[in-house]
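First comes the structure, then the notes that go with it.
A short reminder: the numbers here are calculations on the coordinates, not readings from a lab. Owing to the predicted nature of the structure, the values given are computational and were not obtained by experimental measurement. Cβ sites come from the backbone with ideal geometry, for glycine too, and all protein chains shown count toward neighbours.
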Amino acid sequence: MKAFPAIAIASGKGGTGKTTVAVHLAACLAAQGRAVQYLDCDVEEPNGHLFLKPKMERSESVGIPVPVVDAAQCTSCGKCAEVCEFNAIAMLKKPLVFPELCHGCGACALVCPVGAIRETSRAIGVVETGRTGTIGFAQGRLNVGEPMAPPLIRAVKARRNPDAIALFDSPPGTSCPVVATVRDADLVVLVTEPTPFGLHDLALAVDTFRPMGKPMGVVVNRADDDRRVQDYCQAENLPVLAELPDDRRVAETYARGELVFDRLPEWRDRFDALWSRIEECL
């Protein structure tokens, strides 16, 4: 096992308790005296700060390069539109650029035969860094209405401390932002719930991450007598790392923006055991 692995906490759907697991793992590791950093990659709606309450030390704007076409120099050859895989450039009499669709790859500028395309930065959000006790903290905040989450997620992960265990709090689902989060992780912890929707979206997540060659484990949150998730995990050879019981007191603590440990100290043992299982999978 690496001294300082990166663990992605993900879920096939929202509302399963992914962030709850992530922030409590961070608090658990800090209590054990381990160096740990929590990175909130759910940049469209980061909320780990509500529970960890970090003191922010720095905020940096993040942008991506987008093309600007010199109409006087452009020969209307159309090569820029042909090379763009995201349809961010449409060829009319002159190229028409859609900045919100641009992924900042720079291919259009590279193929322009007359050098009529230059790049300028378009702000997409901010990265904020700080600390909460001994826990390092980083989060991204995507600008309202901005569709380009992956570049901001990469900027959050670029603030990773190589001398600490990294916990990537992933966006929910199985889309590009999730893949951008999970790509560099040593292990993916999938948080699900014992419902038909939870099982369906867990299967989607497994199908997404398995081709990436990522080892995975499952946390069943709000566990009850329904064993369909556990049966699926057994059939798919996925370790169940923890079964966290359905407890109204946990929901009440969560609603107050507090860590469960502060009200229910017996829950610390559950997360200590979860980390032990995670270590076995690394």
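Using only alpha-carbon positions in region 71-115, the gyration tensor eigenvalues give semi-axes of 16, 12, 9 Å once each is multiplied by 5 and square-rooted (largest first). Checking the Cα-Cα distances for LYS18/LYS55; LYS2/LYS157; LYS53/LYS214; LYS18/LYS53; LYS2/LYS214 against a 20 Å cut-off, the pairs over it are LYS18/LYS55; LYS53/LYS214. In plain terms, the chain from LEU96 to SER121 could stretch by 7.3 nm, reckoned as 0.36 nm per residue minus the Cα-Cα distance.
For ASP246, neighbours were defined as the other residues whose beta-carbon sits under 12 Å from its Cβ, and their charges (Lys and Arg +1, Asp and Glu -1) total -3.
Distance between the 7 Å Cα→Cβ label points at LYS2 and GLU266: 3.7 nm. Cβ-Cβ distance of LEU282 and ASP70, R₀ of 45 Å, FRET efficiency by 1/(1 + (r/R0)^6): the value works out to about 0.30.
When only alpha carbons of region 24-156 are considered, Rg and Dmax amount to 19.9, 64 Å. Within the chain, antiparallel bridges make up roughly 45 percent of the DSSP beta bridges whose residues both belong there.
Along region 131-139 the Karplus relation, 6.51 cos²θ - 1.76 cosθ + 1.60 evaluated at θ = phi - 60°, assigns HN-Hα couplings of 9, 9, x, 9, 8, x, 9, 8, 8 Hz to successive residues, with x for each Gly and Pro. Using only Cα atoms and rounding to the nearest 10 degrees, what angle (0 to 90) does helix 196-209 make with the longest principal axis of the chain? So the inclination is approximately 60 degrees. Semi-axes of the equivalent ellipsoid of region 42-82 are 44, 13, 5 Å, computed as sqrt(5λ) over the eigenvalues of the C-alpha gyration tensor in descending order. Peptides 221-230, 26-35, ordered by how many other C-beta atoms sit within 10 Å of their residues on average, highest first, read 26-35, 221-230.
Of all lysines in the structure, those lying under 19 Å Cα to Cα from LYS79, and not within fewer than 8 positions of it along the same chain, are LYS93, LYS94.
Across all directions, the average flat footprint of the convex hull enclosing the Cα atoms of region 153-279 is 8.8 nm². Karplus-based coupling profile of region 19-26, in residue order and whole Hz: 5, 4, 5, 5, 5, 6, 5, 4, with θ = phi - 60° in 6.51 cos²θ - 1.76 cosθ + 1.60 and x standing for Gly or Pro.
Checking (i) -0.39, -0.68, -0.87; (ii) -0.33, -0.64, -0.91; (iii) -0.46, -0.78, -0.99 against log10 I(q)/I(0) by the Debye sum over Cα atoms at q = 0.08, 0.11, 0.13 Å⁻¹ calculated from these atoms, the matching label is (i). Here the contact order of region 126-209, divided by its residue count and restricted to Cα pairs under 8 Å and six or more residues apart, works out to 19 percent.
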